[in-house]
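Q: I have a structure I would like to understand better, so I am pasting it below and will then ask my questions one at a time.
The values are calculated or read from the model by the stated rules, or taken from the named source; none is laboratory data. Just so you know, these numbers come straight off a predicted model, no measurement behind them. Glycine gets a Cβ as well: all are built from the backbone with ideal geometry, and neighbour counts include every protein chain shown.
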Amino acid sequence: MHTKLHKILNEGLVPLSIILFLIGILIISPQHASAQSSDKQARAFYFVAEDAYENKRYDEAYRALKRAEALRGKTDGRFLGLEIKILYAQKKDQQAQRLIERFYDYEAPQDILRDVAKIQLEIEERIEKKKKAEARRIAAKRRADEERRQREAERKRREDERKQKEAERKRKQQEELKRQHEAALKRLQEADMAEATAVRRSGNNPIGVILSDADGKIKVLHAFNGDAANKSGMKSRDHILEVNGQKISSIEDFWAQLRKKDKARIKVRRLNSKRNGYKTKTIRINIKKAQKKIAAEKARLGVKFYTVRGYRVIINYVNPNSIASAAGIQPGDYIDTIDGTPISSNAQLLSLIRAVPSGGTSIYSIDRFGEKIDISVTF
C-alpha cells in the first residue's frame, strides 16, 4: 500500500488534499479500532461487576469494576453508582460516603440516582447509629471506669481502715503487754520487797526461819535445811500459834517470846494432807544451843543466804563479828552483782566469795529495799 502511495505521489496523479486525507485515515484507523476494542472490554467487565454484585460476590464485583474503569480510562455516574453500592454492601461506609460526594458531579440514570440517594440515607443513618453506639460505649466505659475507680477507692478505704484497725489492735496489744509487763514487774518488786521485809523483821535469828504475816496469820515462810527449826521439825507454811504457852499475835511478839528462855516450845498448826484438814504440833527448839552453833560457824563472809524465785540471792543472816557486818551488809539485802558479775544462785555467790584472795577487795552491788548500793568488801 505504501508503494502505491509513493507511485501516485511521484506521478502527480492525485491532488495533494486527497492524499493528506488518505494519510489521516491510515493513521487514525488503528487507534480508533483500539479504542473501540477497549470500550467493549470495559462494558464486558462492567456487566461482570453488575452480575457479581447481584450475586453478592462483592470483592469480585469491585475488581471487575476497577478493571472496567482502567480500560475506559475514566469513570461516570453509572460506574460510581455501582462502586457505591458495592462499598455499601461491604459496609465500607466512609469510602462510600466520599464517593457519594463525587457522584453528584456526574450524570446518572434515575434508577442509579435513586439507589445512591437511598444508600446515602442508610449510610448516614448507619453512621449515626455507630456514633450513638460509640457514644454509648464511651459512656459505658466512663461509667465502668468510674465504678472501678469507686471500687478501688472503697477497697483502698477498707484497706486503710483495716490497717488502722490492725495498727490500733497492735498498739493496744503493745500497751496491754507493756501493762502486763509493768504489772508483773511490780508484783515481782512487791514480792522482793515483801521477802526482804520478812527477812529484816525476822532479824539475825539463830534458828533459821523467816516468818510472814501477809494474810494476817503468823506463818513460816522459810525453814532452812540444816538449821535448828528445820531439824526440830518446823516446815514452811506452818501457822505459829503459841510460844511457851503464850499466844502469838505478831512476828515481833514471836521473837520477843523466843528470846525469853533458852528453850522454846512452839505450837504450830499444819495442813494434814491425809485427812484433808489441819493438825497441831508442838516443836521443841534449844535456842541457846542454836546460838552457840551459829556463832561457831566460820563462814568466810559471815552470812547466810538463799535464792528467791530461782534467780535472786538474798542475805538472811549476818554474823555480828563477820567481814560482811564490818562492810555494812544487812539481812534483807539482795546481792545483784559482785565485781560486775550478776549473781543468780547460791553456788555462784559461794564460788565468787571463795575466789577472792586474802586481803583482796570486791565490790558488792546491793538492792536494799529498792535502793541500789555499792559496798566494798575486803577479805
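Q: Restricting to region 289-331, and then to whatever is assigned to a helix (DSSP H, G or I) and hydrophobic (A, V, I, L, M, F, W, C), can you tell me which residue is surrounded by the most Cβ atoms within 10 Å (Cβ to Cβ)?
A: Ala324
Q: When you scan region 218-236, do you find a residue that is exposed (fewer than 13 other Cβ atoms within 10 Å of the Cβ), over 22 Å from Tyr306 (Cα atoms), among the small types (Gly, Ala, Ser) and under 60 Å from the mean Cα position of the chain (by Cα), even just one?
A: No - not one qualifying residue is present in region 218-236.
Q: So which residues in region 206-228 are more than 16 Å from Val268 (Cβ to Cβ), modelled with pLDDT of 85 or more and either assigned to a strand (DSSP E or B) or in contact with a helix residue (DSSP H, G or I) (Cβ under 7 Å, 6 or more places away or on another chain) (or both)?
A: Of everything in region 206-228, those that are more than 16 Å from Val268 (Cβ to Cβ), modelled with pLDDT of 85 or more and either assigned to a strand (DSSP E or B) or in contact with a helix residue (DSSP H, G or I) (Cβ under 7 Å, 6 or more places away or on another chain) (or both) turn out to be Pro206, Phe224.
Q: Restricting attention to region 208-245, which residues are farther than 18 Å from Thr197 by Cβ and acidic (Asp, Glu)?
A: Within region 208-245, Asp227, Asp238, Glu242 qualify.
Q: How many of the residues in region 229-245 are among the basic types (Lys, Arg) and assigned to a loop (DSSP other than H, G, I, E, B)?
A: Total satisfying the criteria: 2.
Q: Checking Ala183 against (1) farther than 30 Å from Pro320 by Cα; (2) in a helix (DSSP H, G or I); (3) more than 43 Å from the chain's Cα centre (by Cα), which test does it fail?
A: (3)
So that you can scan it fast, the table gives a plain yes or no per residue for (1) touching a residue at least 24 places away in the same chain (Cβ under 8 Å); (2) in contact with a Ser or Thr (Cβ under 6 Å, 6 or more places away or on another chain):
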position: Arg158; (1), (2): no, no
position: Gln173; (1), (2): no, no
position: His181; (1), (2): no, no
position: Asp213; (1), (2): yes, no
position: Val220; (1), (2): yes, yes
position: Gly226; (1), (2): no, no
position: Asn230; (1), (2): no, no
position: Gly233; (1), (2): yes, no
position: Glu252; (1), (2): yes, no
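Q: How many residues does region 42-57 contain that are of a type outside the set (Asp, Glu), in a helix (DSSP H, G or I) and farther than 19 Å from Asp76 by Cβ?
A: 1
Q: Next up: Kindly indicate whether any position in region 91-101 is surrounded by fewer than 17 Cβ atoms within 10 Å (Cβ to Cβ), among the polar types (S, T, N, Q) and outside any helix (DSSP H, G or I).
A: Looking for residues that are surrounded by fewer than 17 Cβ atoms within 10 Å (Cβ to Cβ), among the polar types (S, T, N, Q) and outside any helix (DSSP H, G or I), one finds none in region 91-101, hence no.
Q: When region 332-378 is examined, which residues are found to be part of a loop (DSSP other than H, G, I, E, B), loosely packed, with under 15 Cβ neighbours inside 10 Å and more than 47 Å from the chain's Cα centre (by Cα)?
A: Pro357, Ser358, Gly359, Gly360
Q: Contact list please: Cβ distance under 6 Å, first residue in region 367-379 and in contact (Cβ under 8 Å) with a residue 60 or more places away in the chain, second residue surrounded by 10 or more Cβ atoms within 10 Å (Cβ to Cβ) and of a type in the set (Val, Ile, Thr), pairs at least six apart or on different chains.
A: Correct list of pairs: Phe379/Val356.
Q: Pick out the one residue from Ala153, Ala191 that is touching a residue at least 12 places away in the same chain (Cβ under 8 Å) and surrounded by 10 or more Cβ atoms within 10 Å (Cβ to Cβ).
A: None of the others qualify; the one that does is Ala191.
Q: Against the condition out of contact with any Pro (no Cβ under 8 Å at 6 or more places or on another chain) and under 28 Å from Asn244 (Cα atoms), how does Ile314 come out, does it pass?
A: no
Q: Could you tell me whether region 341-354 includes any residue that is of a type in the set (Val, Ile, Thr) and out of contact with any strand residue (DSSP E or B) (no Cβ under 9 Å at 6 or more places or on another chain)?
A: yes
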